[in-house]
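Okay, structure first, notes after.
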């Protein structure tokens, strides 16, 4: 199987993630979309590393994983705080500032 | 082929960043080991000391960087005069921000006793009574500053990404920690986080595409590949490069708050605690523009005529849209923090005007403008943090101590009427900052705008400079509107026509960390559900909020004075800073 197929898969996953972020209303689902985008990026990095025959891309994937983990910590904390205050994690309910 | 060669690390050149991040790490340890009573003082000394140390290190490095560029860690991080200058600006402004963060005029700082508590809950009330403080804000701000310093000084896109997260993640948390109006604060953090994480995902995908195109994430190598000198198997796929550049630029433009990626700015600036807003508005913008200049100018070396044209079109569009939105939407704002947010969007547009020039004149203009804008904006936010609502109870003294009477900031513009009579010096400083933002001669803003538009004209982009001039004229209108309001309009509470609209929905427990919701109590009640309403939004018909100004020489007042002096100095004798900026621009490609 050609290596480029993995790139196409990465692009598809990334698009699904971006669409999820833009269309879904639940903050947790939106956040899962962001994670999907980051992991699609990892797939792209690893595939490109294979194409170029060097290890840089694989190392970069580790960096992205670590950053994604840190982002989960902060992000879930903020979402949980919002949920505890408002009993809702919908991005539509969070609209005090835009009135 | 992939043998590991340990990179040569120049520790001296890394010292500014190490000092700041090290102070942050020690700050985390302080949280764990120092008794609560001494914690705040320790943190304050530590963070101010760390930033001063970084500034000294930058000063010591300055001369050696002028003669040759220092390669720090292998080739992934090279210290150019431009990078060092941005670091210097970030550190100076972060130092001033730190003073505003430490300010306790009115008896309390701007941060919730425990940010994790549900607003209006009993736990929060107990934490407030126990006098708990969230001293973690100091190390968080230090980590963010460290990330900003790295952000503007790296050549390696993956380090750029890591630095982007290191500067953003603490800011997301800090946005959620306001003592008052906590619902708004949490909402600001929520929006900032979701949008920020989304754009950083876009950025990292752009980096992946550039890596695929060039086989490296090192900017000079990518520039070579763009120019057709690379040996990457995918170098023919120009679409990868263009998509990658656009996605990386989206991430950077989001951080500077340029249209159409500006939508988070007004909400987040309004909701976040004011000292943090000042920090974000000033330091993040300086760092992000540093990174944007670096990425664009490095990659610009490899552009062929067609790509250069495309990038120009992109920058022109973004610059015009940013200036238009910042000035036109800013005119109709009624909240002072929101208005300053739109003003900062407009300023991002003015800096972008210089960016289209792609040369050394532009780089030095950007540096000067960032410093001028930073001083004026930071000073303005420091003033905002000092203008407060005070509850005048009918039975004076029944409420308890004096500090329990001081509430949150009076951010509604109507409340700023007649401020000139209440606090002439503070008003004078604020007028000075507004004039500087508007670009009136003899202030820093004028020299900055002159440099920025001059750079654009120098590069032949005079229509853009003209649009910038028109935008400045429109923005002058809303700055003057505030000045007239403060100086010539009598205060509404003096005139005796009762409570200004914004003071109506004051929090239940006096001065507690509850919600003083400017848009009326009902708005808060509905998303809260039945449980927390009684404590959070209970209005007190017997009380009325009057606007009061914190006087005395607290740290924030010192910052206001320092910023005012800086704005005047940069406006009257700008030549030495302009010379420094010109020297700093020399070694940028």
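No lab work stands behind these numbers, since they all come straight from the coordinates. Worth saying up front: this structure is predicted, and the values here are computed from it rather than measured. We place every Cβ from the backbone using ideal geometry, glycine too, and count neighbours over all the protein chains shown.
If the segment from residue B:428 to residue B:64 were pulled out straight at 0.36 nm per residue, it would be longer than the present Cα-Cα gap by 126.9 nm. The share of C-alpha pairs in segment B:11-121 whose separation exceeds 18 Å stands at 59 percent.
Calculated mean residue ellipticity at 222 nm for chain B: -22000 deg cm²/dmol, from DSSP H runs with n ≥ 4 weighted as -39500 (n - 2.57), summed, divided by the residue count and rounded to 500. What do you get for Rg/Rh of the protein assembly as shown when both radii come from the Cα atoms and Rh is the Kirkwood radius? Rounded to two decimals, Rg over Rh is 0.97. For chain B, the relative contact order comes to 17 percent (Cα pairs under 8 Å, sequence separation of at least 6). If R0 is taken as 41 Å, the Cβ-Cβ distance between residue B:116 and residue B:414 corresponds to a FRET efficiency of 0.75.
The modelled label-to-label distance for the pair residue B:29/residue B:5, using points 7 Å beyond Cα in the direction of Cβ, is 3.6 nm. Inter-chain neighbour count for A:50-62: the average number of beta-carbon atoms from partner chains within 10 Å of each residue's beta-carbon is 4. Across peptide A:78-84, the mean count of Cβ atoms from other chains lying within 10 Å of each residue's own Cβ comes to 6. Across segment B:96-183, Cα pairs under 8 Å and at least six residues apart give a relative contact order of 33 percent. Partner shielding of B:169-182 amounts to 2, given as the average count of beta-carbon atoms from other chains within 10 Å of each residue beta-carbon. Protection proxy ranking, highest mean first, for peptides A:76-85, B:277-286: B:277-286, A:76-85, where packing is the per-residue count of other beta-carbon atoms within 10 Å, averaged.
Summarised as an ellipsoid, chain B has semi-axes of 41, 26, 22 Å, derived from the eigenvalues of the Cα gyration tensor scaled by 5 and square-rooted, with the largest first.
Taking all Cα pairs closer than 8 Å and separated by 6 or more residues, the relative contact order of chain A comes to 27 percent.
Residues of segment B:331-359 falling in the label zone of residue B:477, defined by backbone nitrogen less than 14 Å from a point 7 Å along Cα to beta-carbon, are B:331-333. Listed peptides B:96-108, B:234-246 appear in the order B:96-108, B:234-246 once ranked by packing, highest mean of other Cβ atoms within 10 Å at the front. Taking the three principal axes of the alpha carbon atoms in segment B:94-183, the coordinate ranges are 49, 25, 18 Å, sorted in descending order. Out of every Cα pair in segment A:4-92, what percent are spaced more than 16 Å from each other? Tail of P(r) above 16 Å: 59 percent of Cα pairs.
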